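Student: Dropping the structure in here first, questions after.
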Amino acid sequence: MFFIVPDVLLTCLALKSLKAALVAALFAALGAMAGGTLVWHLAYAEPEATMHLLLVVPGISEATFEKVRRLLSEGIYIGMLQGAFTGVPYKIFAAEAGNTGINPFLFASLTPLVRLPRFVALSLVAWAASRCIGERLSGRQKLFTSLSLWLSFYVIYFRYVGW
C-alpha cells in the first residue's frame, strides 16, 4: 500500500554515503521482490479483490493497469524496466503478472534486475550532487533540498496521474 518510492530514502542516504545508499538499494530491490511475490500470489488467488485494493492506493487507476498490460505485452523484462523509469507503480506489474499467470519465479527473479538500476542511478545522482555542492550547504540543508525536490516531484506526479 506504500505509494512513496524507496528512492526518497535512498537519495537521502546517498547525500552522506554512497556505500550506505547502494547497500540499502540492494535491500530495497530484494524487499520489492518479496512484496511483489506476495502481490503476485494475492492477484493469482483473488484478482478482483487485489485490483480493488490497489485502486485505493494514491496514483493508481484503471489507466495504470491498462498501461502495465501494454508494457507487459512488449515483454516482461522490457515492460517492467520501462515501467520502473516512467513512474508506473511496481505493485501493478506484480498484480498483472499474478492475474495473467506469468511464472512467479520468473517474475521474482526479474524484480531486482528491473528495480535496482533506478535505485542505483538516483543514488548516484544524489551522491554526485552532494559532492558537487560540497561544504557550501550543511548536511541538514542538503537533506532539506532533497526532500523539497521529492515533494515537488510528488506534487507534479499526483497532479499528472491523479490522487
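The values are calculated or read from the model by the stated rules, or taken from the named source; none is laboratory data. Please read these numbers as outputs of a predicted model, since none were measured by experiment. Reconstructed Cβ throughout: ideal geometry from the backbone, glycine too, with neighbour counts over all protein chains shown. Each accessible area value is taken on the protein alone, full model and side chains, heavy atoms only, with ligands, DNA and RNA left out. Shrake-Rupley method; radii C 1.70, N 1.55, O 1.52, S 1.80 Å.
Student: Would you look at the GNM of the chain, springs on alpha carbons closer than 10 Å, and say which of G98, G134, G35 moves the most?
Tutor: Greatest mean-square fluctuation among the candidates belongs to G134.
Student: Treating only the Cβ atoms of Lys and Arg (+1) and Asp and Glu (-1) as charged, compute the dipole magnitude of the range 23-123 about its Cα centre; round to the nearest 20 debye.
Tutor: Details: 6 positive and 6 negative charges, 63 e Å.
So the dipole magnitude of the range 23-123 works out to roughly 300 debye.
Student: Can you compute the charge dipole magnitude of the range 66-145 about its Cα centre, using +1 on each Lys and Arg Cβ and -1 on each Asp and Glu Cβ, nothing else charged? Give it in debye, rounded to the nearest 20. Kindly include the intermediate steps, with their values, before the conclusion.
Tutor: Details: 10 positive and 4 negative charges, 68 e Å.
Dipole of the range 66-145, to the nearest 20 debye: 320 debye.
Student: Mind checking the angle between helix 18-45 and the chain's longest principal axis? C-alpha axes, 0 to 90 degrees, to the nearest 10.
Tutor: 20 degrees
Student: Right, here's the next one. Under a 10 Å cutoff between Cα atoms, tell me which one of L137, L22, L147 has the largest fluctuation in the Gaussian network model of the chain.
Tutor: L137
Student: Relative to the compact-globule scaling 2.2 N^0.38 Å, provide the ratio for the alpha-carbon radius of gyration of the chain.
Tutor: On the way: Rg = 16.7 Å, N = 163, 2.2 N^0.38 = 15.2 Å.
For the chain, the normalised Cα radius of gyration comes out at 1.09.
Student: Further question: With labels modelled as points extended 7 Å from the Cα through the Cβ direction, what inter-label distance (nm, one decimal) is found for L9 paired with L124?
Tutor: For L9 paired with L124, the spin-label model returns 2.3 nm.
Student: Here's a follow-up. Say each of I156 and A20 gets a label point 7 Å from the Cα, pointing the same way as Cα to Cβ; how far apart are those two points in nm?
Tutor: The modelled label-to-label distance comes out at 2.8 nm.
Student: Eight or more residues apart or on different chains, and alpha-carbon atoms under 29 Å: count the Lys pairs in the chain matching that.
Tutor: Working: K16/K142; K19/K91; K19/K142; K67/K91.
Within the chain, the lysine pair count is 4.
Student: Put a dot 7 Å past each Cα toward the Cβ at E46 and I78; how far apart are the dots in nm?
Tutor: Label at I78, label at E46, 3.6 nm between them.
Student: Please report the carbon-and-sulfur percent of the accessible area for the chain; probe 1.4 Å, protein heavy atoms only, DNA, RNA and ligands left out. Please list the in-between numbers first.
Tutor: Numbers: 6700 of 9360 Å².
The nonpolar share, carbon plus sulfur, comes to 72 percent.
Student: Toward the positive end of the charge dipole of the chain, about the Cα centre and with charges on Cβ (Lys, Arg +1; Asp, Glu -1), which of S73, F153, L53 goes farthest?
Tutor: Positive-most Cα among the choices belongs to F153.
Student: Just report the Cα centroid separation between the range 105-163 and the range 32-89, whole Å.
Tutor: 21 Å
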